[in-house]
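Input: a single structure, listed below in structure tokens.
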Amino acid sequence: MDETVAEYIRRTVLKIPRDEIKTMLQKWGFLSEAQLKTLNFHQMKENISQDVVYLCEENSADIKQAAVLDIIYNHIYPNKRIWSVYQMNKRGEETEVFDLTDFKKKFKSRLRSALKNVTINFREYEDNAIWIRIAWGTPYTKPNQYKTSYVVYHSQTPYVFISASVLRSNLPLLCQALVVASNYHDICEMELRSHSLNSLKDIVFKRYSQNFQSYYPKPLQERNVAPEADLRIIQENKSEKERIQRLTREAFGDGPQPKLEFAQYRLETMFKSDPKMDVLDKKEPFRCLVKFSSPHLLESLKSLALAGMADAPLSPLLTCIPQKARNYFKIREKKGVLPESFVSP
């Protein structure tokens, strides 16, 4: 067995929590049950990893088997990576029967025609998800197995989830291979990223319970009107709490929110002043970046008004994230209109 393969298997085993090593090796299926029984899973992980390598040497493991173990690990722990969502488009509305064998053949052929030093491995899961692992090399170097790109493609959908450790020059090659293999016309990034692969799927596949906002601002004179039946403070607080709960439910729904860790807003606005004052020599726009981050951003936003930390309803710039399927925004002024802003499509 190649030393590079042995070291890669050893490092992969070391990443697995001790109490899950046996289960993951069983899912791998490369070692026999008799071989697994010889392993002592109660010793130090370093010793376990060395013993696994010895057994793999007996079976003459190569990089293909090592890559499959790595795919299994990343499938179980997808949140170790940051995933970006891409959407593919067809010219027409035609639908085709998906052929996995044809998809693999076209994907490999396209990628290897542009870059020969690359290793590609596939694994299909029960939810029609095809996991693709790509290790990239250069025309003069072997593929780096420690800097891999992962692609998750659900057949019969236009959505692709990519977690890339790849040079910018290789990303177009990857996108082209996906488009050709899946018989689409083009592909574009959706500006939606997260560590939680399942939450990204929930958003683009519309599997979350968020209501679409039905709130429209009332005229100023109709806002915060005190209840006529009882003017005591306790009743006023009760009515306000009910109002906040209603607006929060309209914006976020009753169910749990998809898990996103951040939302980023780039603002670009012009300074408005009397031309005669000539305050600014350069008529350049002001730019700033605002980033909201949290272990669970949408749930945090949902609790702001309920906790009395923000007015209800929250800005649509915050509550529209799942509806628009994006957490990267650019906010610019509408041309010809003072100072109103909009979220660019």
Counting only residues that are touching a residue at least 40 places away in the same chain (Cβ under 8 Å) and either charged (D, E, K, R) or more than 12 Å from residue 21 (Cα to Cα) (or both), how many does the stretch 35-64 have? 9
Any residue that is outside any loop (DSSP other than H, G, I, E, B) and among the acidic types (Asp, Glu) - is there at least one of those in the stretch 107-129? yes
In the stretch 1-37, residues that are modelled with pLDDT under 95 and among the polar types (S, T, N, Q) total 1
Residue pairs qualifying under the 9 Å Cβ cut-off, at least six apart or on distinct chains, with the first in the stretch 193-206 being at pLDDT 95 or above and the second being among the charged types (D, E, K, R) and assigned to a strand (DSSP E or B), are 200/193
Filter the stretch 83-106 down to the residues that are surrounded by 16 or more Cβ atoms within 10 Å (Cβ to Cβ) and within 23 Å of residue 193 (Cβ to Cβ) and list them by number. 83, 84, 85, 86, 87, 88
By residue number, the members of the stretch 158-172 that are part of a loop (DSSP other than H, G, I, E, B) and under 23 Å from residue 77 (Cβ atoms) are 164, 165, 166
Can you name every residue in the stretch 142-157 that is in a loop (DSSP other than H, G, I, E, B) and of a type in the set (Val, Ile, Thr)? 157
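Go over the candidates 73, 86 one by one and state the one that is in contact with an Asp or Glu (Cβ under 6 Å, 6 or more places away or on another chain) and within 17 Å of residue 151 (Cα to Cα).
Working: 73 fails: in contact with an Asp or Glu (Cβ under 6 Å, 6 or more places away or on another chain).
Checking each option against the conditions leaves just 86.
For the stretch 130-141, give me each residue that is of a type in the set (D, E, K, R) and in a loop (DSSP other than H, G, I, E, B).
none
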Filter the stretch 17-49 for residues that are outside any loop (DSSP other than H, G, I, E, B), within 34 Å of the chain's Cα centre (by Cα) and not aliphatic (A, V, I, L, M) and give the result. 18, 19, 20, 22, 23, 26, 27, 28, 45, 46, 49
Whichever residue in the stretch 257-271 is surrounded by fewer than 20 Cβ atoms within 10 Å (Cβ to Cβ) and part of a strand (DSSP E or B) and, among such residues, is nearest to the chain's Cα centre (by Cα): 262
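The rows are residues; the columns are (1) assigned by TED's automatic domain parsing to the domain that holds residue 86; (2) under 26 Å from residue 191 (Cα atoms); (3) of a type in the set (D, E, K, R).
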site	(1), (2), (3)
104	yes, no, yes
113	yes, no, no
117	yes, no, no
133	yes, yes, yes
139	yes, no, no
161	yes, yes, no
176	yes, yes, no
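Could you list all residues from the stretch 74-131 that are of a type in the set (Ser, Thr, Tyr) and closer than 15 Å to residue 152 by Cα?
Initial filter on the stretch 74-131 (of a type in the set (Ser, Thr, Tyr)): 77, 84, 86, 95, 101, 109, 113, 119, 125.
Passing the criteria: 77, 84, 86, 125.
Would the stretch 240-248 turn up any residue that is surrounded by fewer than 16 Cβ atoms within 10 Å (Cβ to Cβ) and modelled with pLDDT under 85? Before the answer, list the steps.
From the stretch 240-248, those surrounded by fewer than 16 Cβ atoms within 10 Å (Cβ to Cβ) are 240-243, 245-246; that's our starting set.
Among the residues that remain, those that are also modelled with pLDDT under 85 are: 240.
Within the stretch 240-248 (the criterion being surrounded by fewer than 16 Cβ atoms within 10 Å (Cβ to Cβ) and modelled with pLDDT under 85), the answer is yes, since at least one residue qualifies.
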Being surrounded by 15 or more Cβ atoms within 10 Å (Cβ to Cβ) and either among the charged types (D, E, K, R) or in contact (Cβ under 8 Å) with a residue 60 or more places away in the chain (or both) is the filter here, so list the residues in the stretch 113-141 that pass it. 123, 131, 133, 135
Scan (1) closer than 27 Å to residue 63 by Cβ; (2) among the β-branched types (Val, Ile, Thr); (3) crowded, with 17+ Cβ neighbours inside 10 Å for the single condition residue 204 breaks and write down its number. (1)
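The values are calculated or read from the model by the stated rules, or taken from the named source; none is laboratory data. Since we're looking at a predicted model, the values are computed, not measured. Because the Cβ atoms are built from the backbone with ideal geometry, glycine has one as well, and the counts that use them run over all protein chains shown.
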